[in-house]
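Trainee: Quick one: structure below, then a few questions.
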Amino acid sequence: MKTNAASLPSLVALAVTAAFSTPLLADEVPTSEHTLTGNLGLFSSYRFRGLDQTFGKPALQGGFDYSHASGLYVGNWNSNVSSGAGYPEGNLEMDFYGGYKANFGDFGIDVGGLYYYYPGTDLTIANNGKTNTGRVDNTEIYLAASWKFISLKYSHAISDYFAMPDSKGTGYLDLSTNYDLGNGWGVNGHVGRLHFRNVSNGSYTDWKLGVTKDISGWVVGAAYVDTNAKGDCGIGEYYCFSNSLNNQNSQNGSKTKDAGRGIAVLSVSKTF
């Protein structure tokens, strides 16, 4: 949960493509209307919107995506998380999403919805005189536009944002770029702004700058991620996360960290 780490992680992506087509003439080239891909990765830390989700520890992540030639798609993505990042009694994030993509020359659009599910979580939390109990989850709709290597995406919570009472309508704006330098080199950057509705000290800006290198199909990456989120643990600000939370949203563990602190993120990935 909380958009885009000290040791070098490994990331392995697995892809499977399934093709189905109508009978073709001998001189026609077969084309696929259906594509299914899978991915699996190991990361030194999981950052969501700039915030540490695993208390600086490794994350095993993976999922799959199905797309149709019409532009429709659905998918699932999963990661372990720390209960102290706002998921009392839980340790797993499961994302389910679907939408529609289309390209018009150098331009593209993407519209869809995303459901964040945290099985096993059990939360009791109050805000603005309201209280939520039960499982942590979040539902968002999103709209994105792209031009060549630049994209702009807005996500809007249509439920309470990750179970925080009275936070429906929270929004996140994401401006990203991914530029191919040639010879296997690439650079990427991102700046995002979260408007956390009706939550004091909840809104913040995050940013990232990274570089990648493709080496025989393996992509080695390094990036710097930072935020201005209020996470000073010395004065107990909002984004000071503990290593564990119970179902009363109280700290089980004795350790705390600024979840929005600047950090270097290293990765190795492969897709096929």
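The values are calculated or read from the model by the stated rules, or taken from the named source; none is laboratory data. Everything numeric in this text was worked out from a predicted model, so none of it was measured. Backbone-built Cβ (ideal geometry, glycine too); neighbour counts: all protein chains shown.
Trainee: Condition first: surrounded by 12 or more Cβ atoms within 10 Å (Cβ to Cβ), in a strand (DSSP E or B) and either on the phi > 0 side of the Ramachandran plot or among the hydrophobic types (A, V, I, L, M, F, W, C) (or both). Now tell me which residues in the range 178-197 satisfy that.
Mentor: Scanning the range 178-197 gives 185, 187, 191, 194.
Trainee: Regarding residue 158, is this residue more than 15 Å from residue 138 (Cα to Cα) and of a type in the set (A, V, I, L, M)?
Mentor: no
Trainee: For the range 245-272, which residues satisfy the criterion of being at pLDDT 85 or above, outside any strand (DSSP E or B) and surrounded by fewer than 18 Cβ atoms within 10 Å (Cβ to Cβ)?
Mentor: 255, 262
Trainee: Next question, about the same structure. Criterion first (surrounded by fewer than 17 Cβ atoms within 10 Å (Cβ to Cβ), assigned to a strand (DSSP E or B) and at pLDDT below 90) does residue 220 satisfy it?
Mentor: Yes: the conditions hold for residue 220.
Trainee: Could you tell me which residue of the range 48-72 is nearest to the chain's Cα centre (by Cα), considering only residues that are among the polar types (S, T, N, Q) and not in a strand (DSSP E or B)?
Mentor: Taking the range 48-72 first, the residues among the polar types (S, T, N, Q) are 53-54, 61, 67, 70.
Restricting the remaining residues to those that are not in a strand (DSSP E or B) gives 53-54, 70.
Values: 53: 10, 54: 13, 70: 25 Å.
Here the answer is 53.
Trainee: Look through 132, 138, 128 and report the one residue that is on the phi > 0 side of the Ramachandran plot and of a type in the set (S, T, N, Q).
Mentor: Testing whether each residue is on the phi > 0 side of the Ramachandran plot and of a type in the set (S, T, N, Q) leaves just 128.
Trainee: Would you mention how many residues in the range 116-145 are among the aromatic types (Phe, Trp, Tyr) and either touching a Leu at 6+ places or on another chain (Cβ under 8 Å) or surrounded by fewer than 16 Cβ atoms within 10 Å (Cβ to Cβ) (or both)?
Mentor: Here the count works out to 2.
Trainee: Counting only residues that are in contact with a Ser or Thr (Cβ under 7 Å, 6 or more places away or on another chain) and either modelled with pLDDT under 95 or surrounded by fewer than 18 Cβ atoms within 10 Å (Cβ to Cβ) (or both), which one in the range 146-161 is farthest from residue 178 (Cα to Cα)?
Mentor: Applying the filter and picking the extreme gives 159.
Trainee: If you check 166, 174, which single one turns out to be of a type outside the set (A, V, I, L, M, F, W, C) and in a strand (DSSP E or B)?
Mentor: 174
Trainee: If we scan the range 76-86, do we find a residue that is in a loop (DSSP other than H, G, I, E, B), surrounded by fewer than 17 Cβ atoms within 10 Å (Cβ to Cβ) and not hydrophobic (A, V, I, L, M, F, W, C)?
Mentor: The first filter runs over the range 76-86 and keeps only residues in a loop (DSSP other than H, G, I, E, B), leaving 81-82, 86.
In the following step, the residues that additionally are surrounded by fewer than 17 Cβ atoms within 10 Å (Cβ to Cβ) were identified as none.
Looking for residues that are in a loop (DSSP other than H, G, I, E, B), surrounded by fewer than 17 Cβ atoms within 10 Å (Cβ to Cβ) and not hydrophobic (A, V, I, L, M, F, W, C), one finds none in the range 76-86, hence no.
Trainee: In this structure, is residue 45 closer than 24 Å to residue 256 by Cα, within 16 Å of the chain's Cα centre (by Cα) and not in a strand (DSSP E or B)?
Mentor: yes
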